[in-house]
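To keep things clear, I will list the structure first and then write my remarks on it.
Derivation of every value follows stated rules applied to the coordinates shown; laboratory data play no part. All of these numbers come straight from a predicted model, not from anything done at the bench. Every residue, glycine among them, receives a Cβ derived from its backbone with ideal geometry; neighbour counts consider all protein chains shown.
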Amino acid sequence: MRNYLIKNISIVNEGRISTADLLLKNGRIEKIGTGLQPSFSVTEINGEGKHLLPGVIDDQVHFREPGLTHKATIYTEAKAAVAGGVTSFMEMPNTLPPAFTQDLLEQKYAIGSSSSLANYSFYMGTSNDNADEALRTNQKKKDICGIKIFMGSSTGNLLVDNYLTLDRLFRESEVLIATHCEDEKIIRQNLERVRSEGRELVAADHPLIRDENACFESSLTAIQFAQKHNSRLHVFHLSTEKEMALFGNMLPLAEKRITAEVCVHHLHFTSDDYAVLGNRIKCNPAIKAPHNREALWTALLDDRLDLIATDHAPHTLTEKGLIRTAGRLVPAGEENAYEKAHAGLPLVQHSLRLMLHYVQAGKISLEKVVEKMSHAVAVCFNIAERGYIREGYFADLVIVDLHQPSSVSRESILYKCDWSPLEGFEFPATVTHTFVNGHLVYGNGGFDESQWGQRLRFDR
């Protein structure tokens, strides 16, 4: 393994920006200081004018393997991730077959160990009838990020709506419980109401069907279970102003038993964007009216929302009801296109640069982006020796040039699905280098695939 000396770079870490050198040795951060003169051979990188960030840790992605590899694979999406500065990910159980047993879960880890350029962890899946198996995760606290409960509709039988099962999972789980919160009954009632209008549904109907109340009632239910049993609950992808009343900022993150996440697309898009983007931004929970976005930003900045993720969820153009013509994505014109279109959008390659766009716009500080995309994720999940730029920690690092614009074009997209809802968008910054465990996996547009990422470990 090569060792590196990154010189004269602006290090963004733990609420401060300071200029220093950084020495990487044997996959870890050996020394942080000025005028470093290592006694061993190193490859030098001139960091002058650039910023060094801890690698982004994305706690919610769908990389589709096994069983849905026509959409994506762990290899393709992890490659896109590191190109975007994401050095670690935690992946969802709704693959085929779903990760409903410990054996199936370990099969996913085996795939990651031989094909992921980023570090990885995988959630244990839950259903109405696999509580015994899901709770075996208690025996693997240091090795698995958590168990995932879909409290709203999802793929196959991943919906858990049996209150006895929910109560048992919240009562007995000794690891983090992560929830997708939407109330299935409310969604079905809304769908029938909109269908009764006697017209073809369109993408703009999505936030009317999967509305604020569906999110709020389900989030409230999850919180009530967690409070009843003092469970460790993490609520994914909050999307409504109404839900913000459910979360607090009176405790330090490390002391919170209930934490909350916001995704980049809910910070960026609103329901106004359906007019142009249509099913490209159909996702669950839905992108909603503009006042919700503003409430999410407020809660993110005052720490009611604890971290930023993507919910990266690629689908093929056909599954989205789209075709590419003359270089543009347009609706395929199929009947009932909205109802047939799959929910989810690919984002992991562009999430950091999108947040750097908001840094330039004055919406959020660079230090806060690092806190919410790296530090807070490590604290929230008790990830061992990652998420910070500290001596002795794994060298998961990203170099960004805040003065070199980059854009989203079809040619630059690395997702297997070959499209992005951000096509044509220009970012103010570029990811120039990504290190995973001290290995320069991505540098100036090229990849070194000679080393795979590692399984994340947790201090529990």
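Got a sec? How would Ser420, Ser365 order by Cβ neighbour count within 10 Å, fewest to most? Don't jump to the answer; show the numbers that get you there.
Values: Ser420 24, Ser365 15.
Ordered by Cβ neighbours within 10 Å, fewest first: Ser365, Ser420.
Treat the count of other C-beta atoms within 10 Å as a stand-in for reagent exposure and order Arg28, Arg195 from fewest to most. Let's see the in-between values first.
On the way: Arg28 17, Arg195 14.
Going from least to most buried by this count: Arg195, Arg28.
So if each residue of separation counts as 0.36 nm, and I subtract the Cα-Cα distance between Glu334 and Thr221, what length gain in nm does that give?
Gain in length upon complete extension: 36.9 nm.
With a 10 Å Cβ neighbour count serving as the proxy for reagent exposure, in which order, fewest first, do Arg193, Arg16, Arg64 appear? Write down the numbers at each step before the final one.
Details: Arg193 11, Arg16 8, Arg64 26.
Exposure proxy ranking, most exposed first: Arg16, Arg193, Arg64.
Counting only other residues whose beta carbon sits under 9 Å from that of Leu22, what net charge do I get with K and R as +1, D and E as -1? Please report the intermediate quantities before stating the final value.
On the way: positive: Lys7, Lys31; negative: Asp21, Glu30.
Net charge around Leu22: 0.
Could you tell me the calculated FRET efficiency between Asn8 and Ala110, based on Cβ-Cβ distance and R0 = 41 angstrom, to the nearest 0.05?
Calculated transfer efficiency: 0.50.
From the residues Val82, Gln107, Ala295, which one has its Cα farthest along the dipole of the range 56-381 in the positive direction, the dipole being from +1 and -1 charges on Cβ of Lys/Arg and Asp/Glu about the Cα centre?
Val82
Could you tell me the center-to-center distance, by alpha carbons, between the range 1-77 and the range 413-441 in angstrom?
15 Å
Would you calculate a helix-derived [θ] at 222 nm for the chain, using -39,500 (n - 2.57) for each DSSP H run of n ≥ 4 and dividing by the full residue count, to the nearest 500?
For the chain, the value works out to -7000 deg cm²/dmol.
Once you have the alpha carbon radius of gyration of the range 308-460, what is it after dividing by 2.2 N^0.38 Å, with N set to its residue count? Before the final figure, lay out the partial values.
Details: Rg = 17.8 Å, N = 153, 2.2 N^0.38 = 14.9 Å.
Cα-based Rg divided by the globular estimate yields 1.20.
Which one of Ala326, Leu68, Ser39 is farthest out on the positive end of the charge dipole of the chain, using unit charges on Cβ (Lys, Arg +1; Asp, Glu -1) and the Cα centre as origin?
Sorting the options by dipole projection puts first Ser39.
So if I place +1 on the C-beta of Lys and Arg and -1 on the C-beta of Asp and Glu, and nothing else carries charge, what would the dipole magnitude of the chain be about its Cα centre? I want it in debye, nearest 20. Numbers along the way, then the final one.
On the way: 49 positive and 58 negative charges, 124 e Å.
Using Cβ point charges on Lys, Arg, Asp and Glu, the chain gives about 600 debye.
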